[in-house]
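Shown next, in structure tokens, is the structure this report addresses.
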Amino acid sequence: MILISILIFIVAMALPSFNRHVTPILLTRIAAIVLIYSGALAFNAFYIQSIGSGIGLYSGLFQITTISQQLDIFLLFIGAFILIPRPAIIEHSTVSTSPSLRSLRSHIGEGQEKVSITRMPISELASGLGGKYSLIILFSTLGSLLLISSSDLLSMYLSIELQSFGVYILATLFRDSKSATSAGLKYFLLGGLSSCFILLGAALVYSYTGLSQLESIYSLISVSNSSMISQGLTLGIILMIIGFLFKIAAAPLHNWAPDVYNDSPTIVTIWLTIMPKISILIFLLDLFIGSSLSNLGLSNIHSLLDLSSFYSQNDSINSDFIKNLLLLSSLLSLIIGSVVGLAQSKIKRLLAYSTISHIGFILLALAINSEQSIESFIFYILQYSITNLNAFLIILALGYLIKRRHTASLQRNSIERNIEDSDISFISEIKGQFLSNPLLSLGLTICLLSMAGTPPLMGFFSKQMVLYSAIQSGYYFMSIIAILVSVISASYYLKIVRTLFTQEVDAVTQQEVNQSENISFPSYSDLPKGEGSFAVLEYSVSSVHSYLISTLSLFILLFILKPSILLNSSQLLSLSLFQC
């Protein structure tokens, strides 16, 4: 469905008549409907009986099962929720600064500056991101869905690159912004490096086994006693895991994430923090679950990772090396994400380090590799996605309300620049917002407290499940570190909450509030000089955006009243993955 929609979008956007009648805002809404409809089709596929045992596609490159379908549905709906929110832009007035009209200024008087002298339609330009945004989102979503269902080294790598290249373009979508261009370039270069590790690891696995299909690789290894094959396989898998850890910003491979998240527009940062990470984490789960991994559609590669059967041939290799690698990355992610986040003054950089800390909890559950830990792994991903989505949606809405008045040139690059200027950069910019935007402030407080693990919110139960599984498996040191960093990270979440409820407003924020509340339009002399027309625009939160925020906030807040929806889903998934 998504592939067909992408082809239709490409053909339609090349037609001049289509571009004249269909605005980019409408394209975005159509793309969101496509994602929701694709999720409905994936849900309807549960009625196919043969899908329970798996359906191979394209000669085994992909395999579709009921579990992969459930994960696809979750990804599709999260993608639609990210795609829907857009600023509601109201055009109050347009004025022209052309020399011919500039000479009339002395005749029309000062008060006439507030009246439209020339009128230009801006419905196509007001979307800010343009029609390409919807198309790139669909490409990236397609890559994420294909990665979950990949059952071959080739399809795995191509899916990751399809997802990654879409994200690279999203980061640089505001091409006239130096910060966005810098973020996209840094993301592209370092992301390309991580892709090289993944490709090198896959090449080593293929060179030592002669196979690319994961189930065939397992079958070969299960009957082989060659130490050379086991060593090459181990090295290849380690390199692949390093590349995956790089892409999910796990420490110590995290340095790119705070800079990219901070410099990218908030509407793009939402996508960066959620969608690529979910698909890669699910694929990592595929590499570490039990012997019935074929139910997920990727082959029994867990037995391939249970290398103890091969290491009897070579005692110099530690059979627990891969698990220790994940535990080390988890430990560093927990410490760095919590401690370094204390020194951050920019809100998106702080949330980037918060994400790194959450990745530490997820990797800890993954490394334990028990039925209970996999259940906590799945549940943590679900709550992480919902909480982060709601937090960034609220930050996006606060940016529209705090910096909502703009004087923009009626050109696409200037509209984009003004939408990017509506982003909130520093934590101090939201100071005292509880007085002017109490509901949004309460919603953000709920999300932050949930991230900190405050009971009885959803985030508390996710951390509690991970810690309980770690203690049950004997990982006492990691459990103590996780508890300590949870307490430390709560301090910088509370710093944002304190800023929201602080009544005193500093000079910079007070000036921005005065500008947003000032009903008069900019004077003629304040407009940029030169040819062209300029519009006074006001950004506000759309009704759909508000509905999403309220729904997600209530879901996080009232989770304790009906926890069975997510808890039973994660438990059923873990039981399905571990059944023999």
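The values are calculated or read from the model by the stated rules, or taken from the named source; none is laboratory data. Treat the numbers as computed from the prediction; the structure is a model and nothing was measured. Neighbour counts run over all protein chains shown; Cβ positions are idealised from the backbone, glycine included.
What is the one condition in (1) modelled with pLDDT of 90 or more; (2) closer than 18 Å to N388 by Cβ; (3) surrounded by 24 or more Cβ atoms within 10 Å (Cβ to Cβ) that S330 does not satisfy?
The number of the failed condition is (2).
Residue-wise test of (1) buried (at least 20 other Cβ atoms within 10 Å of the Cβ); (2) part of a helix (DSSP H, G or I).
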{"position": "Y208", "(1), (2)": "yes, yes"}
{"position": "L220", "(1), (2)": "no, yes"}
{"position": "I229", "(1), (2)": "no, yes"}
{"position": "G236", "(1), (2)": "yes, yes"}
{"position": "I242", "(1), (2)": "no, yes"}
{"position": "L253", "(1), (2)": "yes, no"}
{"position": "N262", "(1), (2)": "yes, yes"}
{"position": "T269", "(1), (2)": "yes, yes"}
{"position": "K277", "(1), (2)": "yes, yes"}
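Which of the residues spanning segment 19-35 are touching a Gly at 6+ places or on another chain (Cβ under 7 Å) and under 15 Å from L7 (Cα atoms)?
As a first pass, look at segment 19-35 and keep what is touching a Gly at 6+ places or on another chain (Cβ under 7 Å): 24, 27, 35.
L27, L35 - these are the residues of segment 19-35 that are touching a Gly at 6+ places or on another chain (Cβ under 7 Å) and under 15 Å from L7 (Cα atoms).
Can you list the helices (runs of 4 or more DSSP H) found entirely within segment 99-193 that contain at least 3 residues being farther than 24 Å from R20 by Cβ, at pLDDT 85 or above and not small (G, A, S)?
132-148, 153-171
Of (1) more than 22 Å from L548 (Cα to Cα); (2) modelled with pLDDT of 90 or more, Y384 satisfies all except one. Which?
Unmet condition: (1).
In segment 462-483, which residues are in contact (Cβ under 8 Å) with a residue 60 or more places away in the chain and either assigned to a loop (DSSP other than H, G, I, E, B) or farther than 12 Å from L364 by Cα (or both)?
Within segment 462-483, S462, Q472, S473, Y475 qualify.
One line per residue, one yes/no per condition, for (1) within 22 Å of the chain's Cα centre (by Cα); (2) farther than 14 Å from S149 by Cβ; (3) modelled with pLDDT under 85:
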residue: P16; (1), (2), (3): no, yes, yes
residue: H21; (1), (2), (3): no, yes, yes
residue: L26; (1), (2), (3): no, yes, yes
residue: L35; (1), (2), (3): yes, yes, no
residue: G60; (1), (2), (3): no, no, yes
residue: I82; (1), (2), (3): yes, yes, no
residue: H92; (1), (2), (3): no, yes, yes
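So that you can scan it fast, the table gives a plain yes or no per residue for (1) surrounded by 16 or more Cβ atoms within 10 Å (Cβ to Cβ); (2) within 20 Å of S569 (Cα to Cα); (3) modelled with pLDDT under 90:
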site: L435; (1), (2), (3): no, no, yes
site: P455; (1), (2), (3): no, no, yes
site: F460; (1), (2), (3): yes, yes, no
site: Q472; (1), (2), (3): no, no, no
site: Y476; (1), (2), (3): no, no, no
site: S479; (1), (2), (3): yes, no, no
site: A482; (1), (2), (3): yes, no, no
